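Since the structure comes first, as structure tokens, the remarks are kept for the end.
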Amino acid sequence: MDFIGAYAPAHLVFLLQGFLVTLEVAFLSILLSFVISVIVGMLRYAEIPVVSRLLAVVVELVRNLPLLLIIFFTYFALPEVGLKLDKFYAAILALVIFESAMISEIVRSGLNSVEKGQLEAARSSGLTSAQTLWHIVLPQALRRMVPPIVGQFISLLKDTSLAVVIALPELMNHAQIINGRNVNYVIPTFILVALMYFLVNYALSVYSRRLENKHV
């Protein structure tokens, strides 16, 4: 093992550049998937006959597919139908598709966890369905959704490493390039990469716990 060579300034800068791409992909994927999943989850919760069933089929289909397959599909299959995406956007699209399906189930479950008696009480007091959802259901459901949603965001950040298969210049891709220069760099490089992932994911976990305790 060669820690000194592996942690040369040029290598550290190269890893940080890859980590920046990882964080950019993760941030955009989290933002877009959260918005989409809230909409999908609420539409399924509303139980609109055709729409809810169609969304349920799509969600279950995506949830039961491996993310790696979705990444291959967005980067290699979509160009066959005339939609060619850059590696960066292909990775984001794949992550958004997969995570939106996963998080929408968390949203729907969170909404369904609110006791029906509260809904009936709200409706009997004169609130509309939309007002009941906004003022009664969502505030309680959101508190219950925080831990699993943040957990899913942590998984998303780790899942960005799968984009290495399409040579996205993210952290794992840059680590592999460094390792290819000298076999003695492998263990030191992967230790540093693991530390980078850990620090960000641990920070998210701590923030999640504080946010949860704040609303208890």
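The values are calculated or read from the model by the stated rules, or taken from the named source; none is laboratory data. Just so it is clear, the model here is predicted, and its values are computed rather than measured. Heads up, the Cβs are rebuilt from the backbone with ideal geometry, glycines too, and the neighbour counts pull from every protein chain shown.
Structure values in brief
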quantity: Single unsatisfied condition, Tyr89 versus (1) exposed (fewer than 12 other Cβ atoms within 10 Å of the Cβ); (2) at pLDDT 95 or above; (3) not β-branched (Val, Ile, Thr); calculated: (1)
quantity: Residue within the stretch 140-151 that is part of a helix (DSSP H, G or I) and surrounded by fewer than 15 Cβ atoms within 10 Å (Cβ to Cβ) present; calculated: no
quantity: Output for the stretch 138-157, where each listed residue is closer than 17 Å to Val114 by Cα and touching a Leu at 6+ places or on another chain (Cβ under 6 Å); calculated: Ala141, Val146
quantity: Condition check for Ala163: at pLDDT below 95, on the phi > 0 side of the Ramachandran plot and either surrounded by 19 or more Cβ atoms within 10 Å (Cβ to Cβ) or of a type in the set (A, V, I, L, M) (or both); calculated: no
quantity: Unmet criterion (only one of (1) modelled with pLDDT of 90 or more; (2) in contact with a helix residue (DSSP H, G or I) (Cβ under 7 Å, 6 or more places away or on another chain); (3) part of a helix (DSSP H, G or I)) for Ile177; calculated: (2)
quantity: Test result for Ser155, assigned to a helix (DSSP H, G or I), surrounded by fewer than 17 Cβ atoms within 10 Å (Cβ to Cβ) and not basic (Lys, Arg); calculated: yes
quantity: Set Val40, Val96: member being within 19 Å of Glu170 (Cα to Cα), crowded, with 17+ Cβ neighbours inside 10 Å and in contact (Cβ under 8 Å) with a residue 40 or more places away in the chain; calculated: Val96
quantity: Number of the exception - Arg143 against (1) over 21 Å from Val21 (Cα atoms); (2) among the charged types (D, E, K, R); (3) in contact with a helix residue (DSSP H, G or I) (Cβ under 6 Å, 6 or more places away or on another chain); (4) touching a residue at least 60 places away in the same chain (Cβ under 8 Å); calculated: (3)
quantity: Condition check for Phe76: aromatic (Phe, Trp, Tyr), modelled with pLDDT of 90 or more and surrounded by fewer than 15 Cβ atoms within 10 Å (Cβ to Cβ); calculated: yes
quantity: Matching helices (runs of 4 or more DSSP H) fully within the stretch 69-133 where at least 1 residues are among the β-branched types (Val, Ile, Thr) and farther than 23 Å from Val21 by Cα; calculated: 87-112, 129-132
quantity: Options Ile70, Ile30, Ile4: the member that is touching a Phe, Trp or Tyr at 6+ places or on another chain (Cβ under 7 Å), among the aliphatic types (A, V, I, L, M), over 28 Å from Ser129 (Cβ atoms) and at pLDDT below 95; calculated: Ile30
quantity: Search result, residues across the stretch 166-204 that are within 18 Å of the chain's Cα centre (by Cα) and either among the hydrophobic types (A, V, I, L, M, F, W, C) or surrounded by fewer than 16 Cβ atoms within 10 Å (Cβ to Cβ) (or both); calculated: Leu168, Leu171, Met172, Met196, Phe198, Leu199, Val200, Tyr202, Ala203, Leu204
quantity: Residue list for the stretch 6-23, restricted to those being part of a helix (DSSP H, G or I), of a type outside the set (Val, Ile, Thr) and surrounded by fewer than 15 Cβ atoms within 10 Å (Cβ to Cβ); calculated: Pro9, Ala10, Leu12, Leu16, Gln17, Leu20
